[in-house]
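Have a look at the structure below before the remarks.
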């Protein structure tokens with residue numbers, strides 16, 4: 001296999017990983033700060049993608065579409081948090097799973113109601129289509145490269161916010177001891193809404209960026225949601241750093257696995273069997289990775305204690 | 001008699017009377033609908049064994065449901081095409097015999113539940129929920145990408161499998177098979193919940209340290225419970241596949257795990273007969289809301305949300321009172 005193809009696939013894996021991080025960051029923050037397991041996070045991803053597709057169709061501007069994805073997803077997040085999620089913080093995980101599963105049903109069918117079952121299309125803008133030449137003669141999609149860079153920038157911004165700003169300090173304090181920071185005069189319920197909206201905005205943003213590569217349709221959030229779960233389980237729930245490492249690991253494993261495993265089996269099997277065996281194993285690879293990590297670190301790579 | 005016992009008896013009587021009435025009235029569709037409810041009830045009773053009695057929130061029981069389904073699908077497929085399942089090292093042929101298929105479904109799901117449980121039970125809380133979910137997804141994607149047995153299109157079985165002395169294609173006869181299995185499973189779970197093992201399991205759910213202090217290993221109790229739970233749900237999967245004469249990866253899908261969980265919650269967690277009430281209610285809602293609107297999942301979601309937020313304890317909690325049976 002050519003080394004160029006390998007690098008190209010590695011870049012695709014990185015792009016996938018960076019997008020997974022945007023999803024997983026919100027999930028892990030929400031779990032870390034509020035102790036809530038949120039299945040509806042995939043729905044917020046979908047809301048972002050639909051908002052972007054509808055805005056792009058109405059205005060023709062991709063940048064406006066991205067802004068819309070952030071705004072609408074954050075807005076949906078605020079509504080969901082204040083109406084439903086807020087009542088779940090003191091409940092056990094079973095109630096949280098069920099209530100947010102109910103939200104997923106409502107979001108999915110509601111969107112189908114509003115937009116129909118056919119996928120919408122969100123085109124990447126002209127100024128981002130085409131390819132760029134990278135060093136060593138690698139040709140790569142400009143849009144995917146942009147996604148990687150934007151995603152990394154958002155990740156850096158998030159790390160900076162958590163580590164350096166007052167709001168970040170409060171979020172970290174909230175993870176450690178919520179009674180104490182409430183006693184110190186921080187409006188804890190406002191903080192919770194804010195964290196939820198932040199996670200929702202990140203998810204919606206990821207939905208819009210990916211929506212331009214894939215199609216925008218009902219149910220697009222669930223596969224990503226489950227991958228994001230795998231990511232935060234590998235990384236350690238509540239850890240942003242873990243989410244980042246986990247996301248890149250999962251993105252790389254999945255993308256490279258799909259490319260390399262069929263080739264690997266091709267070395268000693270006939271082509272058809274090699275392709276099907278390789279593809280089947282590749283689809284399981286990240287779960288095997290997760291099982292492997294948990295065997296040695298039951299709390300994930302960066303999980304506490 | 002306690003209200004819960006009355007409710008149990010009423011429920012089982014209704015599940016017997018309704019299909020017989022439908023048979024008299026020549027409404028085979030209603031019999032099939034009730035068969036679905038009974039099979040879902042078995043799946044729910046299986047999950048409830050881990051969730052209600054052991055406190056193990058498994059979000060991946062679709063894995064066992066699907067495995068049971070595929071056990072039926074694969075065996076019947078080979079019988080239908082007259083091809084052996086395996087030739088070396090020894091010959092395994094497909095079969096159309098229900099009891100054999102059930103046995104295979106139970107054994108395969110039990111072994112898988114043992115392996116999945118052994119790994120997943122190293123973790124607790126949210127990790128456990130997500131890991132069981134992820135394992136089920138693993139099976140889902142595997143079934144999707146494995147072309148031998150239909151891949152994402154699934155497998156069709158043209159004729160329902162055989163049970164000695166019965167015509168299984170007759171809806172009411174197939175219903176009676178499912179009903180008897182449900183009754184047997186309920187009897188088993190009822191006895192297990194009152195056995196020393198069941199009591200110890202309940203104790204471990206409430207306080208692991210104390211159980212350890214009297215010399216028991218919670219991990220081992222949980223693992224046994226999880227294995228039994230998976231085996232029962234696998235059996236339900238085999239029946240479900242036989243009902244539809246079709247298996248597809250959707251049996252492994254995460255919505256399936258969610259739905260099995262809904263049966264348990266709607267009925268009442270930790271009540272032996274809870275999932276039966278839950279599954280019956282679910283099918284009833286599906287039938288009624290489905291007639292109301294194409295987008296009935298919106299209403300289902302709203303009702304589920306209402307139950308979780310305001311009516312904890314499900315149907316049994318509402319009717320029989322909250323703390324009667326358990327704890």
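Each reported figure results from applying straightforward, stated rules to the coordinates on display, with no laboratory input. Because the structure is a prediction, the values reported are computed rather than measured. Reconstructed Cβ throughout: ideal geometry from the backbone, glycine too, with neighbour counts over all protein chains shown.
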(message) Can you say what percent of the DSSP beta bridges in the protein assembly as shown, counting only those with both residues inside, are antiparallel? Round to 5.
(response) 90 percent
(message) With a 10 Å cut-off between alpha carbons and a GNM built on chain A, which of A:162, A:138, A:226 moves the most?
(response) A:138
(request) Consider all pairwise Cα distances in the protein assembly as shown and report the whole-number % of them above 48 Å. (result) 14 percent
(request) Taking the Cα atoms of segment B:217-327, report the difference between the largest and smallest coordinate on each principal axis, in whole Å and largest first. (result) 50, 38, 19
(message) Using a 10 Å cut-off around each Cβ of peptide B:290-297, what is the average number of partner chain Cβ atoms that fall inside?
(response) 3
(message) Between A:128, A:66, A:36, where does the largest GNM mean-square fluctuation fall for chain A, given springs only between Cα atoms within less than 10 Å?
(response) A:128
(message) Taking a ≥ b ≥ c as the square roots of the Cα gyration tensor eigenvalues, with a/c under 1.5 meaning rounded and otherwise prolate when a/b beats b/c, else oblate, which class fits segment B:130-245?
(response) oblate
(message) Cβ neighbours within 10 Å, averaged per peptide: list B:31-39, B:243-251, B:74-82, A:262-270 in order, most packed at the top.
(response) B:31-39, B:243-251, B:74-82, A:262-270
(request) Determine, for B:276, B:107, B:307, the number of other Cβ atoms within 10 Å of each Cβ, and report the residues in order from fewest to most. (result) B:107, B:307, B:276
(request) Subtracting the Cα-Cα distance from 0.36 nm times the residue separation, let me have the gained length for residue A:295 to residue A:3 in nm, one decimal. (result) 101.8 nm
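Let me confirm one metric for peptide B:305-312, namely the mean number of other chain beta-carbon atoms within 10 Å of its residues' beta-carbons. Intermediate results must be reported in sequence, preceding the final value.
Values: counts 11, 2, 4, 13, 8, 1, 0, 2.
Shielding by partners across B:305-312 averages 5.
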(request) Any chance you could check the Cα centroid distance between segment B:1-80 and segment A:199-264 for me, in angstrom? (result) 35 Å
(request) Indicate the gyration tensor shape class of segment A:1-95 (rounded, prolate or oblate), computed on the Cα atoms with a ≥ b ≥ c the square roots of the eigenvalues: a/c under 1.5 is rounded; otherwise a/b larger than b/c is prolate and the rest oblate. (result) oblate
(message) So for segment B:6-159, considering every pair of alpha-carbon atoms, how many percent are separated by more than 19 Å?
(response) 65 percent
(request) Just tell me how shielded B:168-179 is by partners: mean number of partner chain Cβ atoms within 10 Å of each residue's Cβ, no decimals. (result) 0
(message) With only alpha-carbon atoms in the gyration tensor, what are the semi-axes of the equivalent ellipsoid for chain B, in Å, largest first?
(response) 30, 26, 19
(request) Measure out, as a whole number of angstrom, how far apart the alpha-carbon centroids of segment B:264-307 and segment B:193-230 sit. (result) 30 Å
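Please sort A:86-98, B:116-128 by packing, taking for each peptide the average over its residues of neighbouring beta carbons within 10 angstrom, highest first. Before the final figure, lay out each step's value.
Numbers: A:86-98: 17.9, B:116-128: 19.9.
Highest mean packing first, the order is B:116-128, A:86-98.
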(request) Grab the DSSP H runs of chain B that are 4 residues or longer, score each as -39,500 (n - 2.57), total them, divide by all residues and round the 222 nm result to the nearest 500 deg cm²/dmol. (result) -23500 deg cm²/dmol
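Rounded, prolate or oblate: which fits chain A when a ≥ b ≥ c are the square roots of the eigenvalues of the alpha-carbon gyration tensor, with rounded for a/c under 1.5 and prolate only if a/b beats b/c? Mind dumping the intermediate values first?
Values: a/c = 1.67, a/b = 1.34, b/c = 1.24.
The shape class here is prolate.
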(request) Between the alpha-carbon centers of segment A:122-139 and segment A:1-65, tell me the distance in whole angstrom. (result) 19 Å
(message) On C-alpha positions alone, give me the angle between the axis of helix A:221-235 and the longest principal axis of chain A, in degrees, nearest 10.
(response) 80 degrees
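Using a 10 Å cut-off on Cβ atoms, rank the peptides B:89-95, A:215-221 from the highest mean neighbour count down. Kindly include the intermediate steps, with their values, before the conclusion.
Details: B:89-95: 11.4, A:215-221: 21.4.
Ranked from most to least packed, the peptides come out as A:215-221, B:89-95.
Please arrange B:303, A:147 by how many other C-beta atoms lie within 10 Å of their C-beta, fewest to most. Don't jump to the answer; show the numbers that get you there.
Details: B:303 19, A:147 24.
Starting with the residue having the fewest Cβ neighbours, the order is B:303, A:147.
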